[in-house]
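Each value in this text was obtained by applying a stated rule to the coordinates, not by laboratory testing. Being a predicted model, the structure only gives us computed values, none of them experimental. Because the Cβ atoms are built from the backbone with ideal geometry, glycine has one as well, and the counts that use them run over all protein chains shown.
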Amino acid sequence: MIQKQFVKSRQVYKVTFAIAKAELPEGLEIDTLSVVGDFNDWDKTATPLKRSKKGTYKTIIELQPGQDIQFRYLANGEYWFNAWEADNYIPNDFGSDNCLLITSENKDKITA
């Protein structure tokens, strides 16, 4: 799940990335899970998702309105995969696609 919510008081989008255990690639045991993209200069360790007691992995970032970012999930520092609910997909230089997340200039509450 990706949820985007505009915070009027700070003029930013609060973006929640959450992955239920059932949504993870089949057979993959997770030691570490991160969301990696333009927003963190593709730093593999900068934005980890934390596992809840229910088994859902989650993190929250903030983005400016009108900012489109490319991102992917990275498990165990080596296994890349995409979010099914991304706004769009863009081919990358490695023969696969990056997810695209769009934050609207329209500052209403949006859920992707």
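Overview of values
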quantity: Residue tally, condition among the small types (Gly, Ala, Ser) and more than 14 Å from the chain's Cα centre (by Cα), over segment 1-59; calculated: 5
quantity: Yes/no for TYR79 being in contact (Cβ under 8 Å) with a residue 40 or more places away in the chain, surrounded by fewer than 15 Cβ atoms within 10 Å (Cβ to Cβ) and in contact with a Leu (Cβ under 8 Å, 6 or more places away or on another chain); calculated: yes
quantity: Count - residues of segment 11-28 that are more than 16 Å from GLU85 (Cβ to Cβ) and either in a strand (DSSP E or B) or touching a residue at least 40 places away in the same chain (Cβ under 8 Å) (or both); calculated: 4
quantity: Filter pass, ILE90 being out of contact with any Cys (no Cβ under 9 Å at 6 or more places or on another chain), loosely packed, with under 15 Cβ neighbours inside 10 Å and in a strand (DSSP E or B); calculated: no
quantity: Candidates ASP41, ASP97, ASP68, ASP93, filtered to the one that is of a type in the set (Asp, Glu) and on the phi > 0 side of the Ramachandran plot; calculated: ASP41
